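Data block below; observations after.
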Amino acid sequence: MMKKITKASISFLCAAAIMLPDHSIGTAAARTNSGTHVIINNQDLAPQDVLIKNNQIFISFTEAKALDNLTFQWNHAAKQVTAKGKDTRLLLTINKTTALKNGKAVKLNTAPFIYDGKTMIPLRFVTETMGGSVTWNPSTQTAYITKASSYLTSDLLSDELSVARNAAINLPRVSLLPKINTPTYETSSIQYYFPKKVHDQFFEKNNNAISYFEISGHTAYLKWQGLITNTASTQKQLYFINGTITNEIGTRPSVKDYTFAAFRWMPHIGSTGYSLIHKDNWNDVVFKETEVDSNNAKPNYIIVQIPEEE
């Protein structure tokens, strides 16, 4: 069962679920290597930016920038680091458990410290002070920290279908699946499939990997994944996939009678192909191409309006 843990229960999560079993680590600081992972707004933190100490997860303070477009200043004499964002100004002092948020004192459960030249802060402090949410996947030992930007949350409510869909594919993503399928290689062409006139569920096809997401709140939850082989298939459920689906994780959605709005993004030419497809015509569909105006578009806004869908 997928469980999103919001601000109200962050303290419980960080004190319990995110703390590692006692047998897995001593009290000294240790790099996580391939064990515990932290992903902030779809950015997977490097091992050197994640640290385990006293069974707590710490991250490099500068990696919290993805939550609020933070910029940082370091005062060497005072041993203080200042982070400025759109809605937040934080002042932390090394080895002190009191910090300032927008001029008001806040307490840290553990003081920030320097490790290998980086200011390390507890994960709990990031989620509580930056207004984010954390979801813990025990199977993959991954903590997902999410906070959708204001423009994404606003666009997700747009009456213009293409705007809402663009917001959907750019939302922070979370997975509680027991593992993740990785494409054999990244491709420059990514395809999206939305049920007709729907924006809050979609398939994403990246080379030989296909994923299915559902939107809840301001987060895209990965519900199912599979890998696509070149072997011909007679399966009818995902009729738009020309091949056999293997290595399935999660529950495949039942969409065999859906009409889909399909989009094929080709960044090398700045163009999106689009079409409406159905199981009766999917093999004969011709994608219409349209350029995406990079000067006016928001980052990664590549879904276009389909005239036939209106």
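Details
- Whichever residue in segment 66-85 is of a type in the set (G, A, S) and within 17 Å of D49 (Cβ to Cβ) and, among such residues, is surrounded by the fewest Cβ atoms within 10 Å (Cβ to Cβ): A66
- Which listed residue, of Q225, Q201, Q141, is polar (S, T, N, Q) and either farther than 30 Å from Q305 by Cβ or free of Cβ contacts under 8 Å to residues at least 12 places away in the same chain (or both): Q141
- Within the set A83, A111, A167, the sole residue that is of a type in the set (G, A, S) and over 27 Å from the mean Cα position of the chain (by Cα) turns out to be A111.
- Selection status of T110, without any contact (Cβ under 8 Å) to a residue 60 or more places away in the chain, over 28 Å from W224 (Cβ atoms), in a strand (DSSP E or B) and among the polar types (S, T, N, Q): no
- Exactly one residue out of F263, F202 is in contact with a Gly (Cβ under 9 Å, 6 or more places away or on another chain) and of a type in the set (F, W, Y): that is F263.
- N55 being open to solvent by 20 Å² or more (accessible area, probe 1.4 Å) and over 22 Å from R173 (Cα atoms): yes
- T127 being open to solvent by 30 Å² or more (accessible area, probe 1.4 Å), among the hydroxyl-bearing types (S, T, Y), in contact (Cβ under 8 Å) with a residue 40 or more places away in the chain and farther than 30 Å from F263 by Cα: no
- Count of residues meeting criterion [open to solvent by less than 10 Å² (accessible area, probe 1.4 Å) and over 15 Å from A262 (Cα atoms)] in segment 198-212: 1
- Residues in segment 164-197 that are touching a residue at least 60 places away in the same chain (Cβ under 8 Å), surrounded by 18 or more Cβ atoms within 10 Å (Cβ to Cβ) and closer than 24 Å to G132 by Cα: R165, N166, I169, N170, P172, R173, V174, L176, L177.
- When segment 106-128 is filtered for residues that are hydrophobic (A, V, I, L, M, F, W, C), under 9 Å from I59 (Cα atoms) and modelled with pLDDT of 90 or more, the ones remaining, listed by number, are M120, I121.
- Close pairs from segment 253-273: first more than 14 Å from S162 (Cα to Cα) and without any contact (Cβ under 8 Å) to a residue 24 or more places away in the chain, partner of a type in the set (A, V, I, L, M, F, W, C) and assigned to a strand (DSSP E or B), Cβ under 6 Å, at least 6 apart: none
The values are calculated or read from the model by the stated rules, or taken from the named source; none is laboratory data. On a predicted model such as this, the values are computed, not experimentally measured, just so you know. Here the Cβ is made from the backbone with ideal geometry for all residues, glycine too, and neighbour counts use every protein chain on show. Remember, those area values only see protein heavy atoms, side chains included, never the ligands or the DNA or RNA. Shrake-Rupley method; radii C 1.70, N 1.55, O 1.52, S 1.80 Å.
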